[in-house]
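Q: The structure is given below, and queries will be raised subsequently.
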Amino acid sequence: MSINRTLHHAAAATALTAVLGAASVPGAFAQGPHPAPSGKAAARDGQRADGGGWRGGGLSLSASENRKVDEFLARARDAEQAISPEMRAVAVAGHATLIGFDQRLKSEDALKRSVASSLRSPGQSVDATLARIGDSLSYTLEWPDGRYAKGVSAVSSMLASWGNDNVRWANAWGRENSAKGIGSSWRDPQSGHVFEVQFHTPSSKWAQDVTRKLREEQRLRGTSAERAKELQEQQEAIFASVPVPDGAPALGAPPARRPVTATRTAQSAL
């Protein structure tokens, strides 16, 4: 991380601390080593095909398609080295819990399954598909209900002040019978790589996790219409049980900002 970017972070930390009303945020901008991402798939189920392609789960990529996905994943790994320290910093400064940090990098097989599935649709290209992917790097921040709205507002403002461009903001708190939380995507100013940040409460994250297997079963080709309806009703009941924090439905994306300029205060904080 460059000196200028570190100075920008220190200046932003001062502003964020004031917003949150905290006396200090010790260690928020530590630049120490962080564990290497493990990827989201526990086991590898794909394999290299003859000629340099890829096969897995009934899907496949040609050699040229597979090479482009590998190159994209390599760029994601490079970008992660700069983005992860930022996310650790905003988690500490914003008094949030960073959930699943060791699974922040999408696994090779998961990424290739996603691309290969998209390429089944007519007119799709591997380049266009990769350009739409926003979760090759994904981070989840969690707050208790009472601190949620204030924390999301402050942390999203900090990400914007560091020059990250918000390219997606999906606030689902006002939707009935559907998943709760906020999903956002940001473009890193250094690498240009897009990464995902999810904002949750413990209840909304629990609902997301517990309904995952229900959705997977619902999408199986062998699931009957009756069973699919039953699974949908179960998911809706779980989502309806999630408390909505005060102010959460009104949370919007932060306005685009120029990166925070280093100041004497920032320099003295280093």
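Q: Can you run phi through the Karplus equation (6.51, -1.76, 1.60; θ = phi - 60°) for segment 190-201 and list ³J(HN,Hα) in whole Hz, with x for Gly and Pro?
A: These are the phi-based 3J(HN,Hα) values: 7, 8, x, 7, 8, 10, 9, 10, 9, 10, 10, 9 Hz.
Q: Compute the projected area of the convex hull of the Cα atoms of segment 171-225, averaged over all viewing directions, and report it in nm² to one decimal place.
A: That works out to 5.8 nm².
Q: Follow-up. Evaluate the distance, in nm, between pseudo-label points positioned 7 Å from the Cα of Ala170 and of Arg67 along their respective Cα→Cβ axes.
A: Rounded to a tenth, the inter-label distance reads 3.3 nm.
Q: Lys229: which lysines have alpha carbons under 24 Å from its alpha carbon, excluding same-chain residues fewer than 8 sequence positions away?
A: Filter leaves Lys180, Lys205, Lys213.
Q: Read phi for every residue in segment 119-136 and hand back ³J(HN,Hα) as whole Hz from Karplus 6.51 cos²θ - 1.76 cosθ + 1.60, θ = phi - 60°, with x for Gly and Pro.
A: 5, 5, 6, x, x, 8, 10, 5, 5, 5, 5, 5, 5, 8, 6, x, 10, 5
Q: Right, something else. Output the peptides 217-224, 61-68, 165-172 sorted from most to least packed, where packing is the average of other Cβ atoms within 10 Å over each peptide's residues.
A: On the way: 217-224: 10.2, 61-68: 17.8, 165-172: 15.0.
Result, highest mean Cβ count within 10 Å first: 61-68, 165-172, 217-224.
Q: A further question on this structure: Can you order the peptides 126-138, 146-158 by their average number of other Cβ atoms within 10 Å per residue, highest first?
A: Put in order of decreasing packing, that is 146-158, 126-138.
Q: Kirkwood Rh over Cα pairs of segment 79-127 into Stokes-Einstein at 37 °C, 0.692 mPa s: D in µm²/s? Walk me through the numbers on the way to the answer.
A: Working: Rh = 13.3 Å.
This corresponds to a translational diffusion coefficient of 247 µm²/s.
Q: With the crude spin-label approximation of a point 7 Å out along Cα→Cβ, what separation in nm comes out for Gln190 versus Glu217?
A: Taking the simple label geometry, Gln190 and Glu217 are separated by 4.5 nm.
Q: Tell me the label-point distance for the pair Ser118, Ala253, using the 7 Å Cα-to-Cβ offset, in nm and rounded to one decimal.
A: 1.8 nm
Q: Round to the nearest 0.05 the FRET efficiency obtained for Asp78 and Ser125 when R0 = 25 Å and r is the Cβ-Cβ distance.
A: Step by step, r from the Cβ atoms, then E = 0.60.
Computed from the coordinates by the stated procedures, all read-outs in this text should not be read as laboratory data. Here the structure is a predicted model, which is why all the values come from computation and not from measurement. So basically every Cβ, Gly included, is an ideal-geometry build from the backbone, and we count neighbours across all protein chains shown.
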